[in-house]
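> Got a structure here, written out as structure tokens. Questions coming.
Computed from the coordinates by the stated procedures, all read-outs in this text should not be read as laboratory data. Please read these numbers as outputs of a predicted model, since none were measured by experiment. Heads up, the Cβs are rebuilt from the backbone with ideal geometry, glycines too, and the neighbour counts pull from every protein chain shown.
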Amino acid sequence: MGQLVPGGRLDVTALGDEVNECSRLQESMRGGGLGASKAFIELLSPGVADGLAFDPANVTYRPLSSIEGVGPKAVRDAGTLAVAIL
């Protein structure tokens, strides 16, 4: 639960862990890097994975905290998130 202030108005919203993890993953990618969580990759249909030219069955995952340059907020909030660098 939190408050957002877009464009000078006050909004209240409830965001889940997934939104927070996505934000931490996004802020951790540097220099045009592309990363995806294991949960996201597991949701891809075979056709979409083929279109992206990778095989989800052969993706290697590692904790977000092990990626070079990840900030302390990402480590704190989503350090154990399983991530593939694509």
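> Could you give the angle, 0 to 90 degrees to the nearest 10, between helix 17-28's Cα long axis and the longest principal axis of the Cα atoms of the chain?
The two axes meet at around 70 degrees.
> From the residues PRO56, ALA78, PHE40, which one has its Cα farthest along the dipole of region 22-85 in the positive direction, the dipole being from +1 and -1 charges on Cβ of Lys/Arg and Asp/Glu about the Cα centre?
With unit charges placed on the Cβ atoms, the residue in question is ALA78.
> Could you please rank SER28, SER23, SER37, SER66, placing first whichever residue has the fewest other Cβ atoms within 10 Å of its Cβ?
Exposure proxy ranking, most exposed first: SER66, SER23, SER37, SER28.
> Let me ask something else. Would you mind calculating the gained length between GLU42 and SER66 on full extension (0.36 nm times residue separation, minus the Cα-Cα distance), in nm to one decimal?
6.5 nm
> State to the nearest 20 debye the size of the charge dipole of the chain about its Cα centre, where the only charges are +1 on K and R beta carbons and -1 on D and E beta carbons.
In debye, rounded to 20, the chain gives about 280.
> Separate question: Can you match Cα extents along the principal axes in Å to one of these, [x] 45, 29, 22; [y] 26, 25, 23; [z] 58, 24, 20, based on a calculation from the structure here?
[x]
> Of the residues ALA57, ALA74, ALA39, which exhibits the maximal mean-square fluctuation in a Gaussian network model of the chain defined by a 10 Å Cα contact cut-off?
Maximum among the listed residues: ALA57.
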